[in-house]
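For reference, the structure is listed below as structure tokens.
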Amino acid sequence: ISGWIPAGLLLFLQLIPAKHISRSMNVLYAVAAVFLSLQLFQVYVQPKFSEPIAIQPPFRGQWIVLQGGRSSLINHHYPLVAQRNALDMLALEDGKHMHGDPQLLESYACFNQPLYVPAGGRVVVVVNDQPDQSIGTSNPRFPVGNHVVIDLGHERFVMLAHLREGSVVVQEGDQVKVGDLVAHCGNSGNTSEPHLHLQIQNRADFFAADLETY
């Protein structure tokens with residue numbers, strides 16, 4: 001939608017005779033067209049076969065991807081190497097992500113939803129003591145909040161973040177399998193509302209200087 005509507009508008013404007021040629025406007029259109037073309041190319045080009053990691057959904061019920069994909073147009077993580085392939089996901093109830101008072105965490109379908117192991121491995125990081133942020137506040141100093149990292153082997157780790165305070169039921173060193181309960185979804189860390197942040201990364205530590213995602 002963000003691509004085709006501007007393209008259609010530009011085509012329509014070409015049908016209207018211009019009184020004079022604006023060089024600066026033409027340059028602006030050209031830059032915008034190149035940027036849009038590059039972004040769409042990134043979205044639709046398939047990743048290398050060796051890059052993707054197959055996991056199971058870490059939730060039950062109906063969820064949607066709020067932020068995700070290979071372009072900054074559809075994924076605010078994309079400009080950040082350490083989060084480039086991350087997903088922000090929301091649960092839905094009756095087709096909506098929120099019912100009731102928008103200031104209450106309990107009004108959001110994600111809040112307190114159980115989350116499960118998406119791929120078997122060994123738990124290597126557990127943070128469980130970060131407070132859930134009220135709506136309208138966040139914690140940019142510790143962006144992932146409560147989170148669990150599972151070592152999948154071969155320098156691949158899966159991280160589930162923004163978990164509810166005190167809800168993590170696994171411990172560092174535990175061997176876990178697909179479908180085991182991990183925690184409940186919360187609103188800890190740098191969040192705008194309760195949601196699950198999910199990513200596959202090359203290091204256990206989210207703050208590693210050479211962190212990359214897959």
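The values are calculated or read from the model by the stated rules, or taken from the named source; none is laboratory data. These numbers were taken from a predicted model, which means no experiment stands behind them. Cβ coordinates were reconstructed from backbone atoms using ideal geometry, including for glycine residues, and neighbour counts include every protein chain displayed. Side chains included, ligands, DNA and RNA excluded: accessible areas come from the protein's heavy atoms. Shrake-Rupley method; radii C 1.70, N 1.55, O 1.52, S 1.80 Å.
For the range 33-45, does any single residue satisfy the condition of being modelled with pLDDT of 85 or more and within 28 Å of residue 153 (Cβ to Cβ)?
Among the residues of the range 33-45, not one is modelled with pLDDT of 85 or more and within 28 Å of residue 153 (Cβ to Cβ), which makes the answer no.
Determine if the range 34-52 includes at least one residue that is in a loop (DSSP other than H, G, I, E, B) and in contact (Cβ under 8 Å) with a residue 40 or more places away in the chain.
Checked the range 34-52: at least one residue is in a loop (DSSP other than H, G, I, E, B) and in contact (Cβ under 8 Å) with a residue 40 or more places away in the chain.
Hey, can you tell me all the residues within the range 94-134 that are among the charged types (D, E, K, R), surrounded by fewer than 20 Cβ atoms within 10 Å (Cβ to Cβ) and outside any helix (DSSP H, G or I)? Please lay out each step first, then the result.
Start the filter on the range 94-134 by keeping residues that are among the charged types (D, E, K, R), which leaves 94, 96, 101, 106, 122, 129, 132.
Imposing the further condition that a residue be surrounded by fewer than 20 Cβ atoms within 10 Å (Cβ to Cβ) reduces the set to 94, 96, 101, 106, 122, 129.
Listed by number, the residues that qualify are 94, 96, 101, 122, 129.
Just name the residue that is farthest from residue 2 (Cα to Cα) out of those in the range 75-93 that are open to solvent by 60 Å² or more (accessible area, probe 1.4 Å) and free of Cβ contacts under 8 Å to residues at least 40 places away in the same chain. Let's see the steps before the verdict.
Taking the range 75-93 first, the residues open to solvent by 60 Å² or more (accessible area, probe 1.4 Å) are 76, 79-81, 84, 93.
Going one step further and asking which of them are free of Cβ contacts under 8 Å to residues at least 40 places away in the same chain, we end up with 76, 79-80, 93.
On the way: 76: 15, 79: 18, 80: 21, 93: 27 Å.
Of everything passing the filter in the range 75-93, 93 is farthest from residue 2 (Cα to Cα).
Within the bounds of the range 57-69, is there any residue that is modelled with pLDDT of 85 or more, open to solvent by 100 Å² or more (accessible area, probe 1.4 Å) and under 26 Å from the mean Cα position of the chain (by Cα)? I'd like the intermediate steps shown before the answer.
Step one: filter the range 57-69 for residues modelled with pLDDT of 85 or more, giving 57-69.
Add one more test, that the residue is open to solvent by 100 Å² or more (accessible area, probe 1.4 Å), and what stays is 60, 62.
In the following step, the residues that additionally are under 26 Å from the mean Cα position of the chain (by Cα) were identified as 60, 62.
Checked against the condition, which is being modelled with pLDDT of 85 or more, open to solvent by 100 Å² or more (accessible area, probe 1.4 Å) and under 26 Å from the mean Cα position of the chain (by Cα), the range 57-69 yields at least one hit.
Being in contact with a Lys or Arg (Cβ under 8 Å, 6 or more places away or on another chain) and β-branched (Val, Ile, Thr) narrows it down to one of 150, 135, so name that one.
150
Which of the residues spanning the range 135-176 are under 19 Å from residue 186 (Cβ atoms), assigned to a strand (DSSP E or B) and not aliphatic (A, V, I, L, M)?
Hits for the range 135-176 are 146, 147, 162.
All but one of (1) out of contact with any His (no Cβ under 6 Å at 6 or more places or on another chain); (2) part of a strand (DSSP E or B) hold for residue 70; state the number of the condition that does not hold.
All conditions pass for residue 70, except number (2).
Can you name every residue in the range 184-214 that is of a type in the set (Gly, Ala, Ser) and open to solvent by less than 10 Å² (accessible area, probe 1.4 Å)?
Within the range 184-214, 186, 188, 189 meet the criteria.
Can you tell me which residue is surrounded by the most Cβ atoms within 10 Å (Cβ to Cβ) among those in the range 161-183 that are acidic (Asp, Glu) and in contact (Cβ under 8 Å) with a residue 40 or more places away in the chain? Please lay out each step first, then the result.
Going through the range 161-183, the residues acidic (Asp, Glu) turn out to be 165, 172, 174, 180.
From the residues that got through so far, the ones that are in contact (Cβ under 8 Å) with a residue 40 or more places away in the chain too are 172, 174, 180.
Details: 172: 12, 174: 17, 180: 15.
Filtering the range 161-183 for residues that are acidic (Asp, Glu) and in contact (Cβ under 8 Å) with a residue 40 or more places away in the chain, the one surrounded by the most Cβ atoms within 10 Å (Cβ to Cβ) comes out as 174.
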